[in-house]
1. State which residue is most open to solvent (accessible area, probe 1.4 Å) when the search covers only segment 207-236 and only residues that are within 20 Å of the chain's Cα centre (by Cα) and small (G, A, S).
2. Considering every residue within segment 126-145, establish whether at least one is within 22 Å of R226 (Cβ to Cβ) and aliphatic (A, V, I, L, M).
3. Taking only segment 119-154 into account, find how many residues are farther than 20 Å from M177 by Cβ, open to solvent by 70 Å² or more (accessible area, probe 1.4 Å) and assigned to a helix (DSSP H, G or I).
4. Do we have V210 as without any contact (Cβ under 8 Å) to a residue 60 or more places away in the chain and in contact with a Gly (Cβ under 9 Å, 6 or more places away or on another chain) here?
5. When residues of segment 84-115 are filtered for being among the acidic types (D, E) and at pLDDT 95 or above, how many remain?
6. Could you check segment 93-122 and list, in sequence order, the residues that are of a type in the set (G, A, S), under 24 Å from the mean Cα position of the chain (by Cα) and over 14 Å from R228 (Cα atoms)?
7. Across segment 137-179, which residue is nearest to the chain's Cα centre (by Cα) among those that are within 18 Å of F41 (Cα to Cα) and modelled with pLDDT under 95?
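The values are calculated or read from the model by the stated rules, or taken from the named source; none is laboratory data. Computed from a predicted model, the values in this text were never measured in an experiment. No Cβ is skipped: glycine too gets one built from the backbone with ideal geometry, and neighbour counts run over all protein chains shown. Just so you know, the surface numbers come from the protein's heavy atoms only, side chains and all, with ligands and any DNA or RNA stripped out. Shrake-Rupley method; radii C 1.70, N 1.55, O 1.52, S 1.80 Å.
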Amino acid sequence: MPVMSHSDIQPASAPALACSSAIALSTIGARAWLVEAPGGFDLSAQRRIWSLARLLQADEAVEALIPGVTNLLVLFRHIPEDEAAVRASLHAAWDQAQAISPQGKLIEIPVYYGGEHATDLDAVCCHTGFSAREVVRRHHQSEYTVFALGSAPGFGYLHGLDPQLATPRKKVPSLSMLKGTVTIGGAQAGVSALTGPNGWNAIGFAELEVFDPMAESPALMAPGDRIRFLPQRIEL
């Protein structure tokens with residue numbers, strides 16, 4: 001898909017704006033705008049966010065683009081003089097953004113399910129009504145997509161969790177959850193990148209580095225990558 005310049009993005013017509021007005025636009029400071037896609041934690045919305053970022057890459061007025069989970073932070077080089085023009089331009093870009101599917105790599109992660117590091121497996125079972133074995137089965141049978149990196153260096157927010165496994169984050173976080181812990185947080189899955197406080201639900205452990213600052217590519221995951229969890233051992 002070709003990258004479009006700022007001059008290629010024209011303000012949308014009234015009907016188009018009505019259609020695209022479901023995106024939420026807000027300012028963060030004087031130079032940054034946050035574009036939030038309509039809907040929830042949805043793969044099609046994330047694919048349009050990736051497309052929007054690609055469309056805006058050639059805009060000389062843009063200093064940086066930071067994709068998040070179904071949102072995009074647009075940082076301008078200078079404080080925009082015309083707020084209405086920025087809104088119209090972002091709406092128009094969203095209308096032109098077609099969902100794309102990045103050709104990410106497949107990452108297979110061996111997991112020790114249960115055991116001493118699965119400190120919240122019982123809580124997930126209690127919330128979902130499933131046995132521990134069924135939680136493990138549903139978790140590893142899904143294929144996940146990395147939506148974005150954030151929260152900690154190399155931490156990937158993963159889409160694709162079986163909806164029936166969704167479990168709210170803990171009200172009281174664990175104070176020292178080990179890096180490599182395999183977790184569920186709401187409708188998302190993840191692998192903790194650093195040892196420290198964590199409010200997600202631990203159901204297993206993976207012996208791998210998701211972030212290595214000395215590596216050529218420090219982060220193991222990138223947006224668009226696909227993740228498979230492979231049961232290496234199940235201790236229930």
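1. S217
2. Just the residues of segment 126-145 that are within 22 Å of R226 (Cβ to Cβ), to begin with: 135-145.
Okay, now just the ones that are also aliphatic (A, V, I, L, M), so 135-136.
Yes, segment 126-145 contains a residue that is within 22 Å of R226 (Cβ to Cβ) and aliphatic (A, V, I, L, M).
3. 3
4. Values: without any contact (Cβ under 8 Å) to a residue 60 or more places away in the chain: yes; in contact with a Gly (Cβ under 9 Å, 6 or more places away or on another chain): yes.
Answer is yes for this residue.
5. Here is the first cut: in segment 84-115, the residues among the acidic types (D, E) are 95, 108.
Remaining after also requiring at pLDDT 95 or above: 108.
Of the residues in that region, 1 qualify.
6. First, the residues of segment 93-122 that are of a type in the set (G, A, S): 93, 97, 99, 101, 104, 114-115, 118.
Now narrow it down to the ones that are under 24 Å from the mean Cα position of the chain (by Cα): 93, 97, 99, 101, 104, 118.
Correct list: A93, A97, A99, S101, A118.
7. First, pick out the residues of segment 137-179 that are within 18 Å of F41 (Cα to Cα): 139, 142-151, 155-169.
Narrowing the set further to residues that are modelled with pLDDT under 95 leaves 150-151.
On the way: G150: 8, S151: 10 Å.
Out of the qualifying residues, it is G150.
Okay, residues lined up against (1) more than 24 Å from H127 (Cβ to Cβ); (2) assigned to a strand (DSSP E or B):
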{"residue": "Y157", "(1), (2)": "no, yes"}
{"residue": "Q164", "(1), (2)": "no, no"}
{"residue": "K170", "(1), (2)": "no, no"}
{"residue": "K179", "(1), (2)": "yes, no"}
{"residue": "E207", "(1), (2)": "yes, no"}
{"residue": "P213", "(1), (2)": "yes, no"}
